[in-house]
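Below: one structure, written as structure tokens.
The values are calculated or read from the model by the stated rules, or taken from the named source; none is laboratory data. Because the structure is predicted, anything quoted here is derived from the model rather than measured. When we count neighbours, we look across all protein chains shown, and the Cβ atoms used for this are built from the backbone with ideal geometry, even at glycine. Surface accessibility is based on the protein's heavy atoms, side chains included, excluding ligands, DNA and RNA. Shrake-Rupley method; radii C 1.70, N 1.55, O 1.52, S 1.80 Å.
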Amino acid sequence: SGHTKTVKALLAAGADVNAVGADGRKALMIAKVEGHTDIAELLKKAGATRAAKEVPDQKTVVSARRKESAKDEVAVEKTERPKDDVAAQSVEWSKDCKFWLDKGAICATYGNDEGAITHFKKAIQLDRKSCQAYFNLGISQGEMGHYQSAISSIEKAIEMDPAKGLYYYGRGRVYLLSGDKVKAVEDFKRAAELGNQDAKDYLANTTHVAP
């Protein structure tokens, strides 16, 4: 949830950075998806892996999706397909925006931002009102060095949900990567005003930022 101090305390206590949650995701994946870049860096320094072999297989991802949404279970029953037919279920879910968001998140977490961009664009095609899809697309575009496209994508997310501090923080990180520190700090301040902890930590630890 962006609580950097809590993450540091857990790491100091010996928490397993590669533990997999009930939804099939690791802490590094969640931090990446939620835009908590500083926490992602802490996890990587503590030994969180990005190797392809660590990516949850299709059965794990599908299983997690079933737990998250009862609608998916109902859809499977209506088609009268065998419950253990993972391939058939994944075809049905491939029509869902969240399916492609999850797939893009996995790619982004393990360094394949090019693949992630393709998946996030697919998610947007299925749901043009998904501000999360636009935001995730922008973050991956920024990681690829496509700064103008990244800023444009994140701005669409901000237009849809202007009260979400994470989106301003994400755009600020892209500005920072592009070398525009002035606009980056402006976004970090706005994100901090909206309660984003990563932005607060950045401003608190950057001496050149005026209070």
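Close amide H contacts of VAL20 (hydrogens built in the peptide plane, cut-off under 5 Å, sequence separation of 5 or more or a different chain): none are found. The stretch between LYS181 and GLN148 holds 10.4 nm of extra length on full extension. This uses 0.36 nm per residue minus the Cα-Cα distance. Computed with a 1.4 Å probe over protein heavy atoms only, the accessible area of LYS44 comes to about 70 Å².
Our coupling estimate for region 174-187, obtained by passing each phi through the Karplus curve with A = 6.51, B = -1.76, C = 1.60 and θ = phi - 60°, is 5, 4, 5, 5, 7, x, 8, 5, 4, 5, 4, 5, 4, 5 Hz, Gly and Pro reported as x.
The overall shape of region 117-164, judged from the alpha-carbon gyration tensor, is oblate: a/c is not under 1.5, and a/b is no greater than b/c. Averaging 1/r over each pair of different alpha-carbon atoms in region 93-184 and inverting the result gives 12.8 Å, the Kirkwood hydrodynamic radius.
Using a probe of 1.4 Å on the protein chains alone, the accessible area found for LEU176 is around 50 Å². Annotation: for a label point projected 7 angstrom from Cα along Cα→Cβ of ALA204, residues of region 147-165 with backbone N closer than 19 Å are 165.
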